[in-house]
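These notes are about the structure you will find just below.
The values are calculated or read from the model by the stated rules, or taken from the named source; none is laboratory data. Quick caveat: nothing in here was measured; it's all calculated off a predicted structure. All Cβ positions, glycine included, derive from the backbone under ideal geometry; neighbour counts span all protein chains shown. Surface areas here come from the heavy atoms of the whole protein model, side chains and all, with no ligands, DNA or RNA. Shrake-Rupley method; radii C 1.70, N 1.55, O 1.52, S 1.80 Å.
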Amino acid sequence: MSALDELPPLRDVIRRHGLSAQKSLGQNFLLDLNLTGRIARASGPLEGATVVEVGPGPGGLTRALLALGAKRVIAIERDQRCLDALAEVSDHYPGRLDVISGDALKVDVRPLVGDGEVRVVANLPYNIATLLLIGWLSTDPWPPWFASLTLMFQKEVAERIVAAPGSKAYGRLAVLAGWRTTARIAFDVAPSAFVPPPKVTSSVVHLVPRAEPLPCALSALEKVTEAAFGQRRKMLRQSLKSLGVDTAALLAATGVEETARAEEIDVAGFVRLANAFVQLKAATPADQAAR
């Protein structure tokens, strides 16, 4: 029996169900229920909230979310082997755990969450973590259906999410996250906390949506950052030529120096570039843009 609830320790659950983390699924199981409780608490008050969890595995974080008061947890699990272990958690918390067997990249949970506050809390499978985050950050309309994202990443990815201009980690992901959310690293997690231990340290990142991000078309921001960071060593007057508009006019309209490089431009600067790009694109004849 664990200190968190009256369910068996996770090591016993894994042993009894013959579970082992599969590298092909990006799995690393968290067995320390003190740690899963810390992750759950990092998401904010859970009482009355609906929580979406991706990749619950044997249910360590799931148990913490329910024990700390989540009204309901919707857990998306691709690994059929874990379903019996999760069924035991569901039996222990009747009516509060819904397990969806499927691929989180393909499951749309929005019709399932209902009214009220929704939080996403997950020890994400490493092989799809960034794709999932980009999907959530690209939600339309905005503000989104979730009140916060509390997610586990490899530390290197976490640093890319929260990076500031001027740092080597600063790139497209930091611009997207910084534009639509406030993001911070809550704490790091040592490899020894996982079974099997990964080769790298992990970090829990907490992201809160901005109610009113700077006005900008997502598609334009994606194109501008792709061009700029695709050739990050080059000056913007060169790297932005692939956009098919007058680069000098684009930079002049936004007050960005032609000699600047992508890593020097803050989120507001990229928003100005994206908005100016839309205006110039609309004013540029199609035959000229195609050259």
Whole-Hz Karplus couplings 3J(HN,Hα) for region 112-120, θ = phi - 60° and coefficients 6.51, -1.76, 1.60, Gly and Pro as x, run 9, 7, x, 8, x, 6, 10, 10, 9
With 0.36 nm assigned to each residue of separation and the Cα-Cα distance removed, R41 to A169 gains 43.3 nm
In the neighbourhood of I14 defined by beta carbon distances under 15 Å, the net charge of the other residues (Lys, Arg +1; Asp, Glu -1) is -1
Along region 10-15, Karplus-curve 3J(HN,Hα) (6.51, -1.76, 1.60; θ = phi - 60°) to the nearest Hz, with x for Gly and Pro, reads 4, 4, 5, 4, 4, 5
Relative to the chain, whose Cα atoms define the longest principal axis, helix 33-42 and its Cα axis are tilted in degrees, nearest 10, by 40 degrees
Computed over the chain, protein heavy atoms only, probe 1.4 angstrom, the accessible area per residue in square angstrom equals 47 Å²
A169 neighbourhood, Cβ < 13 Å, K/R = +1, D/E = -1, net charge +2
In nm, the gap between the two label points placed 7 Å beyond Cα toward Cβ at S101 and W145 is 2.3 nm
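Counting alpha carbon pairs within less than 8 Å and at least 6 residues apart, what relative contact order, in whole percent, applies to the chain?
Once normalised by length, the contact order is 15 percent.
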For A70, other-chain or 5+-apart residues with amide H closer than 5 Å (H placed, Pro excluded) are none
Note, A147: beta-carbon cut-off 9 Å, +1 each Lys/Arg, -1 each Asp/Glu, net 0
Two pseudo-spin positions, 7 Å from Cα along C-beta at V208 and at E226, lie apart in nanometres by 3.3 nm
Once A249 and S192 are pulled to full extension, the length gained, defined as 0.36 nm per residue separation minus their Cα-Cα distance, is 15.2 nm
Packing-ranked peptide list from 132-144, 255-267, highest mean Cβ count within 10 angstrom first, is 255-267, 132-144
Rounded to the nearest whole number, the Stokes-Einstein translational diffusion coefficient of region 145-236 at 4 °C and 1.567 mPa s (Kirkwood radius, C-alpha pairs) in µm²/s is 89 µm²/s
Percent of all Cα-Cα pairs per 10 Å bin for the chain, counting from 0 up to the last occupied bin, reads 6, 27, 29, 19, 12, 6, 1, 0
A correct Karplus calculation of ³J(HN,Hα) over region 264-273, with 6.51 cos²θ - 1.76 cosθ + 1.60, θ = phi - 60°, whole Hz and x for Gly and Pro, returns 8, 9, 7, 4, 4, x, 5, 5, 4, 4
Using the Kirkwood formula on alpha carbons, the hydrodynamic radius of region 44-143 in angstrom works out to 13.8 Å
CD proxy, 222 nm, the chain: helix-only mean residue ellipticity via -39,500 (n - 2.57) per DSSP H run with n ≥ 4, per residue, nearest 500, stands at -10500 deg cm²/dmol
Taking placed amide H atoms and a strict 5 Å upper bound, the residues 5 or more places from V52 or on another chain that come that close are I74, R119, V120, V121
